[in-house]
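Data block below; observations after.
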Amino acid sequence: MTTPEPDADEALSASSVPPGRPPLHDPFDVMFLGWSFFRSKLLTSAMDLGVFTSLGDNRLSAEEIVDRAGLHPRGAQDFLDALAAVGLLLREDGRYRNSSGTALYLLPDRPGFVGGFLRMTSELMGGEHDALTSLLRDGNARGQGSGGEVPFTRIFHDPDRLRKFLSAMDSFSSAVAPGVTEIIDWSAYSSFTDVGGARGNLAAALAAAHPGLTGTVLDRPSMEQHFDELVAERGVSEQLRFTGGDFFEDELPRADVLILGGVLHDWPDDRRALLLRKAHDAVREGGAVIVYDTMIDDHRERADPLMLSLIMMLQSAQARGFSPAQCISWMTDAGFTAEQTVLLPALTTAIVGRKN
Ligand SMILES: C[S@@+](CC[C@H](N)C(=O)[O-])C[C@H]1O[C@@H](n2cnc3c(N)ncnc32)[C@H](O)[C@@H]1O
């Protein structure tokens, strides 16, 4: 008897998957693989900026490292904490030192130095003038919302960039939507407003999961045509409507539940607090606010949200990550009672606040 030959696909996947590692299946594993370049950028940027050599065998505060390595303060704290989170630095009592591996292998004057090879391979891959290193030197954003421009203006004049942006937003909102559809007892409510809800991807998921709900998506007026297309495609046009406007200037549409998803990270603290006060005005008594975003854990120990905060800073001059504790304080100051904090997929944290 002869053993059948494996077909070509099977042979390919068997030979290309390292032993012990199952083929990727989960969408978040795929996303994390796509992001893994960022860990390597942390390492090469820290070398290029002289962070490890500035530290040498010392324990220094963030301010001292900023001074010695000539870092711009804007991204420095998140950068140093991200370096600690991936094990390149150790953080103790607010001071940093090189981890043993960094001291052995990433200081150019040590015999075990492997950084020369890392730098060469990184440069060959095009990482010579990378945006992260530039951000850490000059603090400037490179994407929309850079150079003093109000974020989310230019993007609406560039259909190609808008399409890419909407696809990126949908990747996040699709990941968090199942969690948001269950985070509160929606049967107790009849309406919601998704503030800065883009083309309505999350709103459409909520409407589909809870046919008794009606919702309003507030976003820039130019978003309306994209909203119309999406809700028609999903068959939820009857439940959802669009309001074009400016969430800082205009009153927010009243509803039982207000959602601020992936919005607060784009703005400075005073504007975040303002949006929560406006949300409080717009929510009916007994209603709720749901804030979801890629929040930095309160102990600043998870590398990915810190890296995402740096990516936000690259994107836009006012953007940066924030923590659940910060969010709860803006909520509380606005008059909400923070009721629950839930970890959702794709590095997202959701916080529910109640208006009593
Ligand atoms: C980062 S996106 C988040 C989108 C969506 N909530 C999500 O979770 O995918 C921020 C959204 O806020 C909208 N936006 C920005 N500034 C705004 C403003 N001043 N008024 C209304 N919408 C605004 C943008 O057009 C964009 O759709």
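Taking a straight line from the alpha carbon of K355, these lysines sit under 18 Å away, with near neighbours fewer than eight places off in the same chain left out: K278.
The mean sequence separation of alpha-carbon pairs under 8 Å and at least six residues apart, normalised by the residue count of the stretch 161-263, gives a relative contact order of 31 percent.
Rounded to the nearest 0.05, what FRET efficiency do D228 and L24 have when you use their Cβ-Cβ distance and R0 = 35 Å?
Numbers: r = 35 Å, r/R0 = 1.01.
According to the calculation, E is roughly 0.50.
Dimensions of the chain based on its C-alpha atoms, expressed as ranges along the principal axes with the largest first, amount to 73, 68, 39 Å.
DSSP beta bridges fully contained in the chain are about 50 percent antiparallel.
Report the residue, chosen from M223, M312, M120, that carries the largest GNM mean-square fluctuation when the chain is represented by alpha-carbon nodes joined by springs under 10 Å. Fluctuation is largest for M120. In the Gaussian network model of the chain, springs joining C-alpha atoms below 10 Å, which of P305, P324, P159 carries the largest mean-square fluctuation? Largest GNM mean-square fluctuation: P159. Residue separation of T332 and W35 scaled by 0.36 nm, minus their Cα-Cα distance, works out to 103.5 nm of gained length. Annotation: amide H-H contacts under 5 Å for T193 (H modelled 1.01 Å from N, sequence separation of 5 or more, or interchain): T216, V257, L258, I259. For the stretch 53-76, backbone nitrogen atoms closer than 18 Å to the point 7 Å from F113 Cα along Cα-to-C-beta are found at 53-58, 69.
For the chain, a Gaussian network of Cα nodes joined below 10 Å ranks G126, G94, G215 by mean-square fluctuation, and the top entry is G126.
Highest mean first, the peptides 161-173, 290-302 sorted by other C-beta atoms within 10 Å per residue fall in the order 290-302, 161-173. Across the stretch 99-217, the mean sequence separation of Cα contacts (distance under 8 Å, 6 or more residues apart), normalised by length, yields a relative contact order of 13 percent. Distance between the modelled labels on A103 and R161, one decimal in nanometres: 4.6 nm (7 Å Cα→Cβ projection).
Going Cα to Cα from K41, which lysines come in below 30 Å? Please leave out same-chain ones fewer than 8 positions away. Here the lysines satisfying the reach criterion relative to K41 are K164. Contact order for the stretch 25-117, expressed relative to its length and based on alpha carbon pairs under 8 Å spaced 6+ residues apart, stands at 25 percent.
Pairs of alpha carbons in the stretch 154-354 separated by more than 28 Å make up 19% of all such pairs.
Whole-Hz Karplus values for the stretch 70-76 come out as x, 7, 7, x, 4, x, 4 Hz, taken residue by residue from phi with 6.51 cos²θ - 1.76 cosθ + 1.60 and θ = phi - 60°; glycine and proline positions read x.
Since every read-out is calculated from the coordinates, none of them should be taken as a lab result. Being a predicted model, the structure only gives us computed values, none of them experimental. Every residue, glycine as well, gets a Cβ built from its backbone with ideal geometry; the counts of neighbours run over all protein chains shown.
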